[in-house]
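Down below is the structure, laid out as structure tokens.
The values are calculated or read from the model by the stated rules, or taken from the named source; none is laboratory data. Small disclaimer: the values here were computed from a predicted structure and weren't measured. So basically every Cβ, Gly included, is an ideal-geometry build from the backbone, and we count neighbours across all protein chains shown.
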Amino acid sequence: MVEKTTDLDGRRGMAAQKATELRRLRIEVENDQAALRGRQAALEKSLAAAPAGGWPEAAEKARYLIGLFAETLAAEDPRRQLLIKSLYADFDRLLAAQGHDNDDRAPE
């Protein structure tokens with residue numbers, strides 16, 4: 001058994017080291033994306049499992065869907081961006097008027 005491991009990265013040329021690092025980073029990103037897709041699927045299953053129990057839950061479902069739309073090319077239109085911001089502000093204003101706390105949700 002060898003007491004000291006051989007550092008193969010140190011024995012490669014710079015181009016090979018860079019290629020190895022890029023492969024490692026790509027695999028890490030792919031794994032992170034797969035985990036994110038799994039969490040997103042679980043969230044969507046939970047959101048679709050039952051009707052909203054009130055306006056705060058309905059607003060959160062709408063925020064999620066609007067957020068997905070906001071990431072698309074169609075949402076890059078400044079008019080649509082303004083509509084999205086305006087709708088989020090409407091949610092906040094209307095929920096606050098009913099005495100619902102909106103501080104537990106993630107900021108846009």
For this session: Quickly run through the stretch 16-56 and pick out the residues that are within 25 Å of Asp90 (Cβ to Cβ), under 19 Å from the mean Cα position of the chain (by Cα) and surrounded by 11 or more Cβ atoms within 10 Å (Cβ to Cβ).
Result: Leu43, Glu44, Leu47
Seminar exercise, completed: Log entry, pairs with first residue in the stretch 72-90 being without any contact (Cβ under 8 Å) to a residue 24 or more places away in the chain, second being assigned to a helix (DSSP H, G or I) and polar (S, T, N, Q), beta carbons closer than 8 Å, six or more apart or on different chains, reads Ala75/Gln81
Problem set entry | Any chance Ala35 is modelled with pLDDT of 95 or more, part of a helix (DSSP H, G or I), hydrophobic (A, V, I, L, M, F, W, C) and under 22 Å from His100 (Cβ atoms) | no
Exercise. Quick one: would you say Ala42 is among the hydrophobic types (A, V, I, L, M, F, W, C) and under 30 Å from Ala62 (Cα atoms)?
Worked result: yes
Seminar exercise, completed: With the first residue restricted to the stretch 34-62 and required to be free of Cβ contacts under 8 Å to residues at least 24 places away in the same chain, and the second required to be of a type in the set (Lys, Arg) and in a helix (DSSP H, G or I), Cβ contacts under 7 Å at 6 or more apart or on different chains are Leu47/Lys61; Ala52/Lys61
